[in-house]
């Protein structure tokens, strides 16, 4: 019986020792967040709408037709995709890890993936 308990404790100890540590809370908060403003005119002019995405997955922010978008705040793990059609359909342009600032490109809708 003692041998069984010793082997069991040894296995549990080995599993705990081999487990990777959990990310620090600051790292968890940083991942999967972006704030994008879409604009009706080129050069980030005209009327606008702001889209905020937090957490992981894909969100279609459409229909939001426009001619430019501006990344206000971003985590490097997010991707902005512009679509020619509404509801994130049609041809697309992908902006992986977009820098903050204005991007002029006509679109029918925008999706965000983090």
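The values are calculated or read from the model by the stated rules, or taken from the named source; none is laboratory data. All values reported here derive from a predicted model rather than from experimental measurement. Using ideal geometry, Cβ is built from the backbone for each residue, glycine included, and neighbour counts are taken over all protein chains shown.
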One residue is enough: does region 9-32 have a residue meeting the conditions under 24 Å from residue 101 (Cβ atoms), within 24 Å of the chain's Cα centre (by Cα), at pLDDT 75 or above and not in a loop (DSSP other than H, G, I, E, B)?
no
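In the set 73, 103, which member is in contact with a strand residue (DSSP E or B) (Cβ under 7 Å, 6 or more places away or on another chain), under 17 Å from residue 32 (Cβ atoms) and in a strand (DSSP E or B)?
Answer to the selection: 73.
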Please tell me if residue 98 is in contact with a strand residue (DSSP E or B) (Cβ under 6 Å, 6 or more places away or on another chain) and more than 15 Å from residue 40 (Cα to Cα).
yes
Out of the residues in region 45-69 that are at pLDDT 85 or above and crowded, with 19+ Cβ neighbours inside 10 Å, state the one that is farthest from residue 109 (Cα to Cα).
53
Sort out which residues of region 73-100 are at pLDDT 90 or above, surrounded by fewer than 19 Cβ atoms within 10 Å (Cβ to Cβ) and more than 13 Å from the chain's Cα centre (by Cα), and write them in order of number.
84, 85, 86, 87, 89, 90, 91, 92, 93
